[in-house]
1. Go through Ala122, Ala60, Ala65, Ala91 for me and flag whichever is assigned to a helix (DSSP H, G or I), touching a residue at least 60 places away in the same chain (Cβ under 8 Å) and either basic (Lys, Arg) or surrounded by fewer than 21 Cβ atoms within 10 Å (Cβ to Cβ) (or both).
2. Can you find, within the stretch 1-35, the residue that is modelled with the lowest pLDDT among those that are crowded, with 18+ Cβ neighbours inside 10 Å and of a type in the set (Ser, Thr, Tyr)?
3. Restricting to the stretch 409-422, name every residue that is buried (at least 21 other Cβ atoms within 10 Å of the Cβ) and either of a type in the set (A, V, I, L, M) or on the phi > 0 side of the Ramachandran plot (or both).
4. Can you find a residue in the stretch 238-253 that is under 24 Å from the mean Cα position of the chain (by Cα) and not aliphatic (A, V, I, L, M)?
5. Confirm whether Ser356 is out of contact with any helix residue (DSSP H, G or I) (no Cβ under 8 Å at 6 or more places or on another chain), surrounded by fewer than 17 Cβ atoms within 10 Å (Cβ to Cβ) and modelled with pLDDT of 90 or more.
6. Need at least 1 residues that are small (Gly, Ala, Ser), in the same structural domain as Ser443 (by TED's automatic domain parsing) and touching a residue at least 12 places away in the same chain (Cβ under 8 Å) per element, so show me which helices (runs of 4 or more DSSP H) inside the stretch 243-360 make the cut, counting only ones lying wholly within it.
7. Being β-branched (Val, Ile, Thr) and modelled with pLDDT of 85 or more is true for just one of Ile244, Ile264, Ile283. Which residue is that?
8. State the number of residues belonging to the stretch 416-454 that are over 24 Å from the mean Cα position of the chain (by Cα) and part of a helix (DSSP H, G or I).
Amino acid sequence: MALGNLEYKTIVKIIYIMAVFMQIIDGTIVNVAIPTLADEFGVEDTDIDLAIVSFLVALAVFLPASGWLGDRFGSKGVFLGALSLFTLASALAGTSSTLNQLVAWRILQGASSGIMTPLGSAMLFRAFPQNERAKAATAIIGVAVIGPALGPVLGGFLIEFLNWRWIFYVNIPMGVTALLLGVTQLRDEKSPTKERFDVVGFFLSGVGLAVLLFAIDRAKDDGLTSGGVLAGLAIGVGLLVTLIVHQLRVDQPLLQLRLLSSGIFRASSLVSFPTYMGFMSLIFVLPVYLQSLLGNGPLETGLAMMPQPIGVMISSQIVGRSLYKRYGPRRILRFGTIAGLLIGLAFAAILDLNTSLLTVAFLSFIRGLAMGCVFVPLQTATYAQTTYADTAKATTLYGMQRQLGPAVGIATAATILGSMNNDLPESALADRLDGFKVAMLVSAAFFAIAALFTQTIRDEDAASTLTEATTSS
């Protein structure tokens, strides 16, 4: 399959966008289908939550193994194998006739996603030289940020004009096309090292993350102080602490925690985690607010949030092509996180029971502009001091906290809404509004934490990604 005179790095970017875009879309598209799926399978709406959580848990469990698998067996073969499994699981999910069947295929989707996503990122960054990684970061922005925002729009459209099965079938043509391109165009890359697989580390990370994510999910219904949730949180945290101790002692760890000794990698992680908490928690809260309080449909809700990815696209292009190399990551990140804080406060202050969709769309667009100023510097600067051989392990480690950030942020918002609104009647709209405002304020607070951590960013640590010398201010 010939692609004309396209450079290899451009081909990798195309395959990455196609493969990972459908995976990230799939993480959010099911949300708007919950009532439809509940009717289809004859269960309660809350039971469908298992199909969402199972995807996230499987993704988190298999994510740490992706770096070792890519280095040992070759990134091309492992990436394409995971892509094949994801495409197949999507087709099977669309044929589900029971909730248990759907959950099983969602687990397979999540497991393949946990391997595919970090390997795709590693191949992308390996294909681009250091001084062009700001451009490569715009491709990641397109899938990691725009994808979750487009999911509800696409899901609402497919459910309204076709049927729920198409929220899974939509992956098939893109998956097959990406597979054909990958088989014919990708180069195989292997690490010269032959490390043994860290079975203990895989068990501790997999079980620890699974227990922690399930406990966070249960907090939405049972409350954060319930015995089961507290026990799950304690066990999950305990296993993860044990994991850290084990990884620091073992000769060939599954997770290269030593990479956190790199100033820019550690600082970017500190900024990234609360940023994704704040970003995704509001994306969770807004659709519920627009539908349960204002009575809008899923398609209307998705369209109201659509300006956010448009804003991200605009600002990410400006930052990636010009501002990043001129000002360096620290000042842009500081501006973006503070803007995220202020816009979150604006959402909490302005939204009420009479808010128009146009107001939500405008605020979403401004928020998108701010987020482009955060995600491009993070994606570009994070791996500035990472060697070629460590790229896969670095993207795996960074990817883990990027998955946990949204999960913790969404769970926190859901817990707030549940604790404040579950006992209120559906007709008590004014009282229920208070819960949404508190959740929005907490979402804004996550950006305040991220803004504080931007002080740890040093522009000189990201010098290899800049064409002009920059200094911290």
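1. On inspection, the qualifying residue turns out to be Ala91.
2. My answer is Thr28.
3. Within the stretch 409-422, Ile410, Ala411, Ala413, Ala414, Ile416, Leu417 qualify.
4. Of the stretch 238-253, the ones under 24 Å from the mean Cα position of the chain (by Cα) are 239-241, 243-244.
Applying the additional criterion that residues be not aliphatic (A, V, I, L, M) yields none.
For the stretch 238-253, residues under 24 Å from the mean Cα position of the chain (by Cα) and not aliphatic (A, V, I, L, M): absent.
5. In short, yes.
6. 263-288, 298-305, 307-318, 329-350
7. Result of the check over Ile244, Ile264, Ile283: Ile244.
8. The qualifying residues number 10.
The values are calculated or read from the model by the stated rules, or taken from the named source; none is laboratory data. As the structure is a prediction and not an experimental result, all values here were calculated from the model. Because the Cβ atoms are built from the backbone with ideal geometry, glycine has one as well, and the counts that use them run over all protein chains shown.
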